[in-house]
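Take this structure first; my questions come after.
Bear in mind these aren't lab numbers, they're just calculated from the coordinates by the rules spelled out. Being a predicted model, the structure only gives us computed values, none of them experimental. No Cβ is skipped: glycine too gets one built from the backbone with ideal geometry, and neighbour counts run over all protein chains shown.
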Amino acid sequence: MGKKITLLPALLLLVAACGPVTSRAPIQTTPDEVNACATVLLGSMGYRIVDDDPLLRADYDRVTVAVIADELRVRGETVVMSGGERFASTRNRMASSAGGTMPTSPSRELRADVKRIALECGGS
């Protein structure tokens with residue numbers, strides 16, 4: 001029982017480290033102006049708008065911007081791709097993973113970008 005309790009704090013730290021970065025700011029302008037600001041700012045940071053791009057096969061940072069109830073909400077996460085790689089199964093046979101995406105620890109740059117978008121486009 002003691003080992004399970006000791007592992008719990010480490011597991012909680014791991015989950016927190018791999019979670020998304022979020023930032024909120026009250027908006028002082030219209031939602032359309034906030035979205036326009038975020039679009040320009042994201043473009044200047046090198047991001048591009050990708051809406052279910054079937055050719056995306058690399059690790060990437062994903063930023064989501066939304067205006068909800070007079071509040072700008074920005075969420076960022078680093079996503080890694082795992083695409084059908086072969087691995088050894090528990091019964092000593094080769095198997096393939098289904099592939100897909102998995103969030104991982106956000107980069108320092110992504111954390112700064114999320115905060116910057118909230119500060120500059122929130123208008124506070």
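Computed FRET efficiency, Cβ-Cβ of residue 22 and residue 50, R0 25 Å: what is it to the nearest 0.05?
Details: r = 20 Å, r/R0 = 0.80.
Result of the calculation: an efficiency of 0.80.
In a shell of Cβ-Cβ distance under 10 Å around residue 62, excluding residue 62 itself, what net charge do Lys and Arg (+1) and Asp and Glu (-1) give? If you can, show how the numbers build up before the last one.
Values: positive: 75; negative: 61, 77.
Summing Lys and Arg as +1 and Asp and Glu as -1 gives -1.
Moving to a separate point now. Set the Förster distance to 30 Å, then compute FRET efficiency between residue 30 and residue 81 from the Cβ-Cβ distance, nearest 0.05. Write down the numbers at each step before the final one.
Details: r = 37 Å, r/R0 = 1.22.
The value I calculate is 0.25.
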